[in-house]
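Accompanying notes for the structure given below.
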């Protein structure tokens, strides 16, 4: 079995319910309305490229070249759907959630890379912040502190001023991880 990198596993766990629902609906021709509803919600949340790929899968077109137009997160989700269509035993547990403790170190690494001129990291952070903003609530407020973090802001009081407990905890974990990265 191919070993999946931790980041890919985190993405798959985070989107397990969507992956499993998409596979179930694609495999069941009578579930076309459920698939359309699932994809409409995904499209409303900005996943237009992923939705287009899943629609191709639903029509039986399952070529890997369909993944080339996807960003990293969408590609991982689409690959998990394709694997689930080929072998349902590969599907993630839809009741398992992503591990939030993995989010802070990953975000810190991307923030650190973006701050040192990595254009790809900056682009990915921008996309993530946009998706977080669409979620709304505290995620929108956490997204708002990403740019200051990239620009070098490290004052926890300033960064966490408008966050609730969970958002504050995430930002503090990011700051801790950035501190370790900055020391190296």
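A short reminder: the numbers here are calculations on the coordinates, not readings from a lab. Bear in mind the structure is a predicted one, so any value in this text is a computation, not a measurement. Cβ atoms come from the backbone with ideal geometry, glycine included; neighbour counts cover every protein chain shown.
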Cα-based Rg (one decimal) and Dmax (whole number) for region 6-90, in Å? 11.7, 35
Taking Cα pairs closer than 8 Å and at least 6 residues apart, the relative contact order of the chain in percent is 22 percent
Computed FRET value (nearest 0.05) for residue 133 with residue 17, which takes r as the C-beta separation and R₀ as 22 Å: 0.50
Cα-projected label distance for residue 165 with residue 144, points at 7 Å along beta-carbon direction, nm: 2.2 nm
The helix 119-135 Cα axis meets the longest alpha-carbon principal axis of the chain at an angle in degrees, between 0 and 90 and rounded to 10, of 80 degrees
Inter-site label distance for residue 118 and residue 95 at 7 Å from Cα along Cβ, in nm: 3.7 nm
How far, in nm, would the chain grow between residue 155 and residue 32 when pulled straight, counting 0.36 nm per residue and subtracting the alpha carbon separation? 39.3 nm
Could you give the length gained by full extension between residue 45 and residue 64, i.e. 0.36 nm per residue of separation minus their alpha carbon distance, to one decimal place? 4.5 nm
Scattering curve values for region 100-183, log₁₀ I(q)/I(0), Debye with Cα scatterers, q = 0.10, 0.11, 0.24, 0.25 Å⁻¹: -0.20, -0.24, -1.26, -1.36
Could you tell me how many degrees, from 0 to 90 and to the nearest 10, lie between the Cα long axis of helix 72-86 and the main elongation axis, the longest principal axis, of the Cα atoms of the chain? 30 degrees
Rounded to the nearest 10, the angle in degrees between the Cα long axis of helix 100-115 and the longest principal axis of the Cα atoms of the chain comes to 70 degrees
